[in-house]
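Read the structure below first, then the notes.
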Amino acid sequence: MRRPFIAGNWKMTQSRAEAVALAQGIVSQQGKTEIEVAIAPPSVYLDAVSQVTKGSAVGLSAQNMYHEANGAFTGEISASMLLDLSCKYVILGHSERRHILGETDADVNRKVHAALAAGLVPIVCVGETLAEREAGNTKSVVQQQFDGSLAGLSNEQMSDVVIAYEPVWAIGTGKVATPDQAEEVHADLRKLLETRYNSNVAAAVRIQYGGSVKPDNAAELLGQPNIDGALVGGASLKVDSFLGIIAAAK
């Protein structure tokens, strides 16, 4: 059985003090459970937040990384640097990086390989825009991102990856894919895993849903057979709402 995984993506928000206080609030109330939990503060606060999460049941994630191990890449952060900060996970290919900052599937793929080689767990995001959904292209867009972003992975490597389906039209908009809409895409992703790999890999890989997840809609979304957790944005910025989503996963 796949272990449910709830991750909070704090994006480019908060001050250092706010990030530390939020982490303290989550850690103080989140004991060891069957739910896997991670938080992803801004990179400049990873070190401060790592001091809070150390030894707790809450894992630390970065929001991005560069694919090169080291070198003259001004402003970039390597996998080894994230490991130095006690990160276990890294979010890759988030729609905001794809659509605002121009990252391609090939860019994401290089980062996925670098993360896995370093021992980080990549949370790889895929998802369609509203125009693509309305044109009936959801399935083809998600498959293209799946094929490109996850190219060249062995069975063992793929089993260590977390996929996050995040319809772009539902991120930060208050709009949420219905449980049936979300489940349909998650089931398609599961079939892609089985086709490319095998039934064991397809059964092992966790697929999160991301897009305006809140405590009041989390239970219905997380109750779908192929939805294994959530990548939470705005609702992860308050202790009570984030813990409410974790509780819904139970």
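Laboratory data are not the source of any read-out in this text; all were calculated from the coordinates shown. It should be emphasised that the depicted structure is a prediction, and the values quoted were computed from it without experimental measurement. Note: ideal-geometry Cβ built from the backbone for every residue, glycine included; neighbour counts use all protein chains shown.
For the range 30-73, which positions are part of a helix (DSSP H, G or I), buried (at least 19 other Cβ atoms within 10 Å of the Cβ) and of a type in the set (S, T, N, Q)? Correct list: Thr53 only. Summed over the range 74-88, the residues that are part of a loop (DSSP other than H, G, I, E, B) and surrounded by 12 or more Cβ atoms within 10 Å (Cβ to Cβ) give a count of 7.
Restricting the range 79-122 to residues that are in contact (Cβ under 8 Å) with a residue 40 or more places away in the chain and touching an Asp or Glu at 6+ places or on another chain (Cβ under 7 Å) leaves a set whose member that is nearest to Gly210 (Cα to Cα) is Ser95.
The C-beta contact set for the range 216-242 (first residue touching a residue at least 60 places away in the same chain (Cβ under 8 Å) and part of a strand (DSSP E or B), second residue of a type in the set (S, T, N, Q) and crowded, with 23+ Cβ neighbours inside 10 Å, distance under 7 angstrom, 6+ apart or interchain) comprises Gly229/Gln208; Ala230/Gln208; Leu231/Asn9; Leu231/Gln208; Val232/Asn9.
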